[in-house]
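Asks: Below is a structure I'd like to ask you about.
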Amino acid sequence: MSAPLRIGIAGLGTVGAGVVRLLQTHGSLLEMRAGRPLRITAVSARRREVDRGVDLSGYAWVEEPSTLAGRDDVDLVVEVIGGEGAAAATIRAAVAARKPAVTANKALLAAEGVVLAAEAEAAGTVLRFEASVAGGIPIVKALREGLAANATTRIAGVLNGTCNYILTEMERTGAAYEDVLAEAQQLGYAEADPAFDVGGHDAAQKLALLATIGFGAAVPMDALKVEGISGVTLEDIRHARDLGYSIKLLGIAQRAGDELEVRMQPSFVPGSSALGLVEGVTNMVVVDADFVGQTVHEGPGAGAGPTASAVVADIVDIARGHGGPVFGCPAEQLTSPAITTLGTAAPHYLRLSLDDRPGALAEVAGALARHGISIDRMRQMSHETDSAPVLIVTHACVRDTLDRALEEITALDACGARPIAYRIEVV
């Protein structure tokens, strides 16, 4: 039996305590699978006196997490602190000591991942981050290893459980956004300040990491189009269902000619599709690749158990001696393509409020036609006022062209307000 792999854990919150619990629970099983014992030797957190529900008495306590890497009894550093300050210092200390590091820190990697990857590769050490994206779904390994023989053509994902819970509960119960958000907070699915989740930023960080692996391209966060779900109304959810769709906060990364299209926004997806059927806090990633075709990856996107599972899976890989580039190809070979947020051509759903008078619909159709946009379906809803709700599904068009048409429609005397528009994804 090989010598034990000695582990230092920085951060003992929900995930860190989960990692400790998993390593304690499955010590013998993990030793068999890794080919060597996996032993925690040192831990670090801000407060020592907190009861974390796990026995820490057998481990050295370290006040400063970045010093874990300098200890003679630590071979591998696990960073589950979160944020960018102490977390970055801890990972860089491991790299400087030429010791492998495992992190669950999507925010840090989305901001500095390519730089950290280059530093780790130059030092000849390993950096792994399976737990940073989609919780317990092994999607990083799937893209980096399982699908390595393929050229990725598209990645589509529901990557935030909070948003998916809110949207599916609104559809299921007919409750308003604010009420479902409050319920999600009571259940622990949403933070007290949910802005980062519902604004789409959490999911966008995950998408940037998947796109970097899938397309071998450095994807800067500030280049992404990011739109959250706070503007999604029950009215549009009901109309989507009547038309055969569901609304999802959907991340898309795909080739668009010589550019890379990367965006996170609420979109219509077919209600019977895999993404349309994903419910609650579950995450899902659909990968299209040239030789294998389409693969679907589904599972819990957060939580102590699923995230700890992903962290420990990385530890086992390192214990087995598995290395390789952080993002699947050397950081110095990652391309820097132009990032487009305009979107390739796709059908769109429009909801308008028009004066109920002769010629109003013709004016709208004319404005769309002047911009080369044709109508696939149109429906006028029943109403009791002089303003008629009208639903339109267009044929495929590019969003910036549609936006110009919508500006013209908004200026019509018959139009009460700017139309609501959602992209329809064929998944």
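Asks: Scan region 354-380 for residues that are in contact with a Ser or Thr (Cβ under 8 Å, 6 or more places away or on another chain) and either surrounded by 19 or more Cβ atoms within 10 Å (Cβ to Cβ) or at pLDDT 90 or above (or both) and report the count.
Replies: Count: 8.
Asks: Would you mind finding the one in GLY58, GLY53 that is surrounded by fewer than 21 Cβ atoms within 10 Å (Cβ to Cβ), over 28 Å from the mean Cα position of the chain (by Cα) and over 15 Å from GLY18 (Cα atoms)?
Replies: GLY58
Asks: On to the next question. Going by the structure shown, is ALA176 open to solvent by 20 Å² or more (accessible area, probe 1.4 Å), modelled with pLDDT of 95 or more and either under 16 Å from the mean Cα position of the chain (by Cα) or on the phi < 0 side of the Ramachandran plot (or both)?
Replies: no
Asks: Scanning region 301-318 for residues that are over 18 Å from the mean Cα position of the chain (by Cα) and of a type in the set (A, V, I, L, M, F, W, C), which turns out surrounded by the fewest Cβ atoms within 10 Å (Cβ to Cβ)?
Replies: VAL316
To keep it simple, each residue is scored yes or no on (1) out of contact with any Ser or Thr (no Cβ under 6 Å at 6 or more places or on another chain); (2) in a loop (DSSP other than H, G, I, E, B); (3) open to solvent by 20 Å² or more (accessible area, probe 1.4 Å).
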| position | (1), (2), (3) |
| --- | --- |
| ASP73 | no, yes, yes |
| VAL78 | yes, no, no |
| GLY83 | yes, yes, yes |
| GLU121 | yes, no, yes |
| ARG144 | yes, no, yes |
| ILE155 | yes, no, no |
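Asks: Being of a type outside the set (Lys, Arg), at negative phi and modelled with pLDDT under 95 narrows it down to one of ALA184, ALA122, ALA151, so name that one.
Replies: ALA184
Asks: Can you tell me which of (1) open to solvent by 90 Å² or more (accessible area, probe 1.4 Å); (2) under 12 Å from VAL312 (Cα atoms) is the one ALA34 doesn't meet?
Replies: ALA34 satisfies every listed condition except (1).
Asks: Answer yes or no as to whether PHE291 is over 21 Å from GLN185 (Cα atoms) and buried (at least 18 other Cβ atoms within 10 Å of the Cβ).
Replies: When the stated conditions are applied, PHE291 does not pass them.
Asks: Continuing with the same structure: So is ALA203 of a type in the set (Gly, Ala, Ser), part of a strand (DSSP E or B), closer than 22 Å to TYR349 by Cβ and touching a residue at least 40 places away in the same chain (Cβ under 8 Å) or not?
Replies: no
Asks: Right, here's the next one. So if I check each of ILE91, ILE7, which one is open to solvent by less than 10 Å² (accessible area, probe 1.4 Å) and not in a helix (DSSP H, G or I)?
Replies: ILE7
Asks: Go through region 381-410 and count every residue that is of a type in the set (Gly, Ala, Ser), surrounded by 15 or more Cβ atoms within 10 Å (Cβ to Cβ) and more than 12 Å from ALA421 (Cα to Cα).
Replies: Adding up the residues that qualify gives 2.
Asks: Within the set of pairs 6+ apart or on separate chains, which have a first residue in region 55-80 that is under 20 Å from VAL311 (Cα atoms) and of a type in the set (Asp, Glu), a second that is open to solvent by 30 Å² or more (accessible area, probe 1.4 Å) and part of a loop (DSSP other than H, G, I, E, B), and C-beta atoms under 8 Å apart?
Replies: Short answer, once both residue conditions are applied: ASP75/LYS99.
Asks: Something else about it: Open to solvent by less than 20 Å² (accessible area, probe 1.4 Å) and of a type in the set (A, V, I, L, M) - does that describe any residue in region 265-277?
Replies: yes
Asks: Would you confirm, using the coordinates I've provided, whether ILE40 is part of a strand (DSSP E or B), of a type in the set (A, V, I, L, M) and either over 28 Å from the mean Cα position of the chain (by Cα) or at positive phi (or both)?
Replies: Criteria met by ILE40.
The values are calculated or read from the model by the stated rules, or taken from the named source; none is laboratory data. Because the structure is predicted, anything quoted here is derived from the model rather than measured. Backbone-built Cβ (ideal geometry, glycine too); neighbour counts: all protein chains shown. All accessible areas refer to the heavy atoms of the entire protein, side chains included, with ligands and DNA or RNA removed. Shrake-Rupley method; radii C 1.70, N 1.55, O 1.52, S 1.80 Å.
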